[in-house]
Each structure stands twice: as C-alpha cells, then as structure tokens.
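Reviewing the structure listed below.
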Amino acid sequence: MTGPPDNGEQVPLPDALYEAGFPVDLLTEEQREVLNGLTPEELALLLDVKSRLDAVGPEVQAHGEIAGGALF
C-alpha cells in the first residue's frame, strides 16, 4: 500500500460501494484503501454478500424482536 494521498484527500472508492449503501463516509482511511484495492471479482463478491445480507435483514430483525420479547 502506498498510504493516503499526499494532498490530504480521501482515497476514492468504486461508485458501486456508494450505490450499494456501504457507509463509506464512516470508513477509516485504511479501510478505504483496502476496499479501493479490491479486484473486480472481489468487489462483485462483496456486493453480492451485502445484497444477500440486506435481503434477510428484516427477517433477522423480526426474529430478534420476538426472541427478545420472549426473554422478558
């Protein structure tokens, strides 16, 4: 890795990460460098995993609320 840009700007990230809803504004510079260094295949895999997790998110949340209510 070469480190952050000398001009003080953040490492640019692929637009696909923004479009997929990644919290890119909250990432550290090191995290941005890692994501920026992904191969196209790695990026596609990451986006696929995120979309699958997002798809089951409401279901997982509902189960957590039901389980949480049963404990109290």
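What follows is calculated from the coordinates using simple rules that are stated; it is not laboratory data. Here the structure is a predicted model, which means the values were calculated and not measured. Quick reminder, even Gly has a Cβ in these numbers, built from the backbone with ideal geometry, and neighbours come from all protein chains shown.
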Most packed first (mean Cβ within 10 Å per residue), the peptides 25-32, 14-21 order as 14-21, 25-32
If each K or R counts +1 and each D or E counts -1, the residues other than residue 24 whose Cβ falls under 11 Å of its Cβ total -2
